[in-house]
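Trainee: Encoded as structure tokens, here's the structure I'll be asking about.
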Amino acid sequence: MEKGALLYEGKAKRVYTTEVPDLLVIAYKDDATAFNGQKKGSVSGKGIINNQMSNRLMEYLEQNGIPTHFVEEQSERETLVKKVSIVPLEVIVRNIAAGSFSQRYGVEEGLIFAEPTIEFSYKNDALHDPLMNEYHIISLGIATREEIDTIKCYAFAINDSLKTFWAGCGITLVDFKLEFGRLSDGSIVLADEISPDTSRLWDTATGKKMDKDRFRRDLGGIELAYAEVMKRLNAHL
Ligand code: ADP
Ligand code: UDP
């Protein structure tokens, strides 16, 4: 389907209208940012890998009963998706302590949780995506109690599916960020992307980081790491 007007340019993707009002095209860029946009760079080929990986994972999740925005891959960087009204929350699921969780609570990175945990951040760059509890979400009318329950139920089910999937690739799923949206009938679906930009993925055998922390922490070898994750995913499908 032909792209129409540029609707939105974000840090990692561009969003275009199409001739069908309920469908959008998402185009993945190689741009990388971290620390709320303060650190900027480019990772060659990242947009191709993130587009294709996110699509394969969303297809897999659909097979496991999770509704997603995915419709069709249009090209190596572009995907047709269902238009949603994004619920402005970053939904973060964690299996192992890392990143901001480790810093906030003074817990060593790598601590395996007794049970997976979830948190919400208000998606607002100007406010640096502050943490938000369920009462705040309801008070501000960001989502209803029922919608929060649906989102939590999907998020933990996605975690179960993805943990199993990545384990089959020799990869440990540490944590990841999800975004959900409402279709025109009000139903909640998984939107945005699932990729090494939005997940922490550690090589199970060596503990090597295979995700965006290589960029955030200047570890080098990010192109190779993303390519290795994609190779293992394709081999496992
Ligand atoms: P950011 O806005 O954080 O810089 P991106 O560069 O990834 O992020 O831009 C993609 C934008 O598209 C995000 O704001 C995301 O919430 C939004 N989005 C993702 N999927 C959909 C969808 N199916 N319908 C409408 N908007 C979407
Ligand atoms: N994450 C994301 N976008 C954000 C914040 C976090 O995709 O704006 C992902 C991040 O890649 C990691 C998980 O969510 O997989 C948890 O991130 P954390 O809260 O530890 O924040 P960070 O260390 O990235 O500041």
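The values are calculated or read from the model by the stated rules, or taken from the named source; none is laboratory data. Just so you know, these numbers come straight off a predicted model, no measurement behind them. With ideal geometry, Cβ positions are generated from the backbone for all residues, glycine too; neighbour counts draw on all protein chains shown. Just the protein is used for accessible areas: all its heavy atoms, side chains included, with ligands, DNA and RNA removed. Shrake-Rupley method; radii C 1.70, N 1.55, O 1.52, S 1.80 Å.
Trainee: Among the candidates Asp149, Asp175, Asp211, which residue alone is over 21 Å from Lys82 (Cβ atoms) and more than 16 Å from ligand 2 (Cβ to nearest atom)?
Mentor: Asp149
Trainee: Cβ-Cβ under 6 Å, sequence separation 6+ or interchain: first residue in segment 13-27 and closer than 14 Å to Ser54 by Cβ and open to solvent by less than 20 Å² (accessible area, probe 1.4 Å), partner outside any loop (DSSP other than H, G, I, E, B) and within 16 Å of ligand 2 (Cβ to nearest atom). Which pairs?
Mentor: Ile26/Lys13
Trainee: So, one more: Given the conditions (1) within 16 Å of ligand 2 (Cβ to nearest atom); (2) open to solvent by 50 Å² or more (accessible area, probe 1.4 Å); (3) of a type in the set (Gly, Ala, Ser), and given that Ala155 satisfies all but one, which numbered condition is not satisfied?
Mentor: (2)
Trainee: State all residues of segment 10-58 that are of a type in the set (Asp, Glu) and under 17 Å from the mean Cα position of the chain (by Cα); if no residue qualifies, say none.
Mentor: Answer for segment 10-58, where residues must be of a type in the set (Asp, Glu) and under 17 Å from the mean Cα position of the chain (by Cα): Asp30, Asp31.
Trainee: Those residues that are in contact (Cβ under 8 Å) with a residue 60 or more places away in the chain and open to solvent by 20 Å² or more (accessible area, probe 1.4 Å), I need them from segment 208-221; list them, please.
Mentor: Lys212, Phe215, Arg216
Trainee: Next up: Determine whether Ile194 is within 16 Å of ligand 1 (Cβ to nearest atom), under 17 Å from the mean Cα position of the chain (by Cα) and closer than 23 Å to Thr68 by Cα.
Mentor: yes
Trainee: If we scan segment 73-84, do we find a residue that is in contact (Cβ under 8 Å) with a residue 60 or more places away in the chain, touching a strand residue (DSSP E or B) at 6+ places or on another chain (Cβ under 7 Å) and open to solvent by 60 Å² or more (accessible area, probe 1.4 Å)?
Mentor: Checking segment 73-84: at least one residue is in contact (Cβ under 8 Å) with a residue 60 or more places away in the chain, touching a strand residue (DSSP E or B) at 6+ places or on another chain (Cβ under 7 Å) and open to solvent by 60 Å² or more (accessible area, probe 1.4 Å).
Trainee: Restricting to segment 150-199, name every residue that is part of a loop (DSSP other than H, G, I, E, B), touching a residue at least 12 places away in the same chain (Cβ under 8 Å) and either in contact with a Ser or Thr (Cβ under 8 Å, 6 or more places away or on another chain) or more than 20 Å from Tyr28 (Cβ to Cβ) (or both). Talk me through it step by step, then tell me what you get.
Mentor: In the first step, residues of segment 150-199 are kept if they are part of a loop (DSSP other than H, G, I, E, B); the result is 168-170, 183-187, 192-198.
This time we only want the ones that are touching a residue at least 12 places away in the same chain (Cβ under 8 Å), so: 168-170, 183-184, 187, 192-198.
Across segment 150-199, the qualifying residues are Gly168, Cys169, Gly170, Leu183, Ser184, Ser187, Asp192, Glu193, Ile194, Ser195.
Trainee: For segment 10-27: of the residues being out of contact with any helix residue (DSSP H, G or I) (no Cβ under 9 Å at 6 or more places or on another chain) and β-branched (Val, Ile, Thr), which is nearest to ligand 2 (Cβ to nearest atom)? Write out each step before concluding.
Mentor: Looking only at segment 10-27, we keep the residues that are out of contact with any helix residue (DSSP H, G or I) (no Cβ under 9 Å at 6 or more places or on another chain), and these are 10, 14-25.
In the following step, the residues that additionally are β-branched (Val, Ile, Thr) were identified as 15, 17-18, 20, 25.
Numbers: Val15: 17, Thr17: 25, Thr18: 26, Val20: 29, Val25: 21 Å.
The selected residue is Val15.
Trainee: Just to be sure before I move on: is Ile188 of a type in the set (Val, Ile, Thr), within 16 Å of ligand 1 (Cβ to nearest atom), under 14 Å from the mean Cα position of the chain (by Cα) and crowded, with 16+ Cβ neighbours inside 10 Å in the structure I sent?
Mentor: No; evaluated as a whole, the condition is false for this residue.
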